[in-house]
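Below is one structure, written out as structure tokens; comments come after it.
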Amino acid sequence: RPGQGTIVYDAPTIESADGQVIARLRGAHQLSPHGVWLDGTTSTTATFPLSLVQEGGQWRIDNPPNVLAVPTSYFSSLFVPFDIYWFDHTGTVLVPTTVYVPRGEETATNLVRGLLAGPPPSQRDVTVSAFPAHTDLDLAVVVNDAGIAEVPLSSEVLRLPPADLNRLVVQLAW
């Protein structure tokens, strides 16, 4: 369960010595835990020192990084871009942020979780969320065959004034 996001890389280099392995991921770009590109467009080399232990006659990584590493060649087949929207500080204009989420049944759930996490740190000075702090998603978003999504949010959203609830629905729908 990588908690620090995703690294998309071009080529790995592996070095080993004395039970220590160093993985260098060249051409690396990082995504936040919610799929937002970090550090602009500049690629770097991500380095991960890995300790190995022997267990049951097999080698295991003792300290796996808290990040998902995906080769660039697989990225477009595993992830899909979407825009999620935040309000500007006036509450009248929606501002898009492109995120990349894994393809599959949990795509809608991952998008809603991204909304509940709030705007990325780089945008918090200019954007806000209509969702109250500590709003939770109960289980998962279910999308039926007609494309209608059921989004089970925690009950505090029902206590919002009608105008704020409307903004929340608009943000969610976009």
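Read-outs throughout are calculated quantities, based only on the coordinates presented, and are distinct from any laboratory measurement. Because the structure is a prediction, the values reported are computed rather than measured. We place every Cβ from the backbone using ideal geometry, glycine too, and count neighbours over all the protein chains shown.
Asp18 fulfils the conditions (1) on the phi > 0 side of the Ramachandran plot; (2) under 21 Å from the mean Cα position of the chain (by Cα) except for a single criterion, (2).
Highlighted here are the strands (runs of 3 or more DSSP E) found entirely within the range 55-174 that include at least 1 residues which are out of contact with any strand residue (DSSP E or B) (no Cβ under 8 Å at 6 or more places or on another chain): 58-61.
Applying the condition of being in contact with a Ser or Thr (Cβ under 7 Å, 6 or more places away or on another chain) and hydrophobic (A, V, I, L, M, F, W, C) to the range 145-174 and asking which residue is nearest to Ser129 (Cα to Cα) yields Val157.
Being among the polar types (S, T, N, Q) and either touching a Leu at 6+ places or on another chain (Cβ under 7 Å) or touching a residue at least 60 places away in the same chain (Cβ under 8 Å) (or both) is the filter; apply it to the range 41-71 and report the residue that is surrounded by the most Cβ atoms within 10 Å (Cβ to Cβ).
Of all residues in the range 41-71, those among the polar types (S, T, N, Q) come to 41-45, 47, 51, 54, 58, 63, 66.
Adding the requirement that they be either touching a Leu at 6+ places or on another chain (Cβ under 7 Å) or touching a residue at least 60 places away in the same chain (Cβ under 8 Å) (or both) leaves 45, 63, 66.
Details: Thr45: 13, Asn63: 11, Asn66: 11.
Ranking the qualifying residues of the range 41-71, first place goes to Thr45.
Out of Thr107, Thr98, I need the residue that is touching a residue at least 24 places away in the same chain (Cβ under 8 Å) and either exposed (fewer than 13 other Cβ atoms within 10 Å of the Cβ) or among the charged types (D, E, K, R) (or both). Which one? Before the answer, list the steps.
Details: Thr107 fails: either exposed (fewer than 13 other Cβ atoms within 10 Å of the Cβ) or among the charged types (D, E, K, R) (or both).
None of the others qualify; the one that does is Thr98.
Take the conditions of a type outside the set (Val, Ile, Thr) and farther than 30 Å from Leu153 by Cα and apply them to Asp62. Does it pass? Here the answer is yes, as Asp62 does meet what is asked.
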